[in-house]
């Protein structure tokens with residue numbers, strides 16, 4: 001599996017990412033992750049909708065919490081043909097608990113803990129920690145990546161305005 005060093009940092013320290021490096025214009029790879037009820041979910045099942053795919057290290061950390069709550073708030077102002085997915089290595093039980101406690105009901109959380117299929121396919125798997133780097137991908141209805149941000153410092157939030165602008169240009 002391909003390794004990439006120094007693209008992102010965690011608390012200023014370079015980390016190694018594993019997986020395929022994607023670019024805007026690439027077809028968004030399919031992957032299977034687990035939903036909060038332990039059901040496998042294929043990304044291909046979202047074709048025909050614009051998707052915001054937010055990759056976070058763990059919902060139980062402050063920045064990931066803020067980011068997912070923000071996307072949940074934004075979801076109410078977006079077109080019905082927009083799906084927001086937040087993917088982490090958290091177990092589905094932890095994701096379900098977190099969503100209930102946080103009141104997050106418009107973002108679908110998916111767990112990549114089983115196979116790291118998303119992390120590898122999207123190049124955001126952190127080698128030494130087996131967590132996902134913070135990244136956002138906007139995928140159009142045909143399954144093409146139209147915007148992406150691999151957040152340079154994992155402890156920072158993504159550029160929400162740029163994400164939302166990219167989405168609004170697709171609906």
Taking the conditions exactly as written (surrounded by 18 or more Cβ atoms within 10 Å (Cβ to Cβ), without any contact (Cβ under 8 Å) to a residue 40 or more places away in the chain and closer than 25 Å to residue 48 by Cβ), does residue 104 satisfy them or not?
yes
Taking the stretch 12-22 and the residues there that are modelled with pLDDT of 90 or more and outside any strand (DSSP E or B), the one that is surrounded by the most Cβ atoms within 10 Å (Cβ to Cβ) would be 19
Here the residues within the stretch 39-63 that are in contact with a strand residue (DSSP E or B) (Cβ under 7 Å, 6 or more places away or on another chain) and not in a loop (DSSP other than H, G, I, E, B) are 40, 41, 42, 46, 50, 51, 52, 53, 54, 55
List the strands (runs of 3 or more DSSP E) that sit entirely inside the stretch 78-171 and contain at least 2 residues that are more than 20 Å from residue 64 (Cβ to Cβ) and at pLDDT 95 or above.
145-150
Within the stretch 75-91, restricting to residues that are surrounded by fewer than 17 Cβ atoms within 10 Å (Cβ to Cβ) and in contact with a strand residue (DSSP E or B) (Cβ under 8 Å, 6 or more places away or on another chain), the one that is farthest from residue 31 (Cα to Cα) is 79
For the stretch 29-42, which positions are closer than 21 Å to residue 146 by Cβ and free of Cβ contacts under 8 Å to residues at least 24 places away in the same chain?
42
Residues 13, 36, 72: which one is farther than 21 Å from residue 138 by Cβ and touching a strand residue (DSSP E or B) at 6+ places or on another chain (Cβ under 9 Å)?
36
Test residue 5 against the criterion of being surrounded by 19 or more Cβ atoms within 10 Å (Cβ to Cβ) and either within 18 Å of residue 135 (Cβ to Cβ) or at pLDDT 95 or above (or both), and give yes or no.
no
For residue 52, state whether it is under 16 Å from residue 96 (Cα atoms), touching a residue at least 40 places away in the same chain (Cβ under 8 Å) and surrounded by 15 or more Cβ atoms within 10 Å (Cβ to Cβ).
no
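The values are calculated or read from the model by the stated rules, or taken from the named source; none is laboratory data. Model, not experiment: these values are computed from the prediction. Quick reminder, even Gly has a Cβ in these numbers, built from the backbone with ideal geometry, and neighbours come from all protein chains shown.
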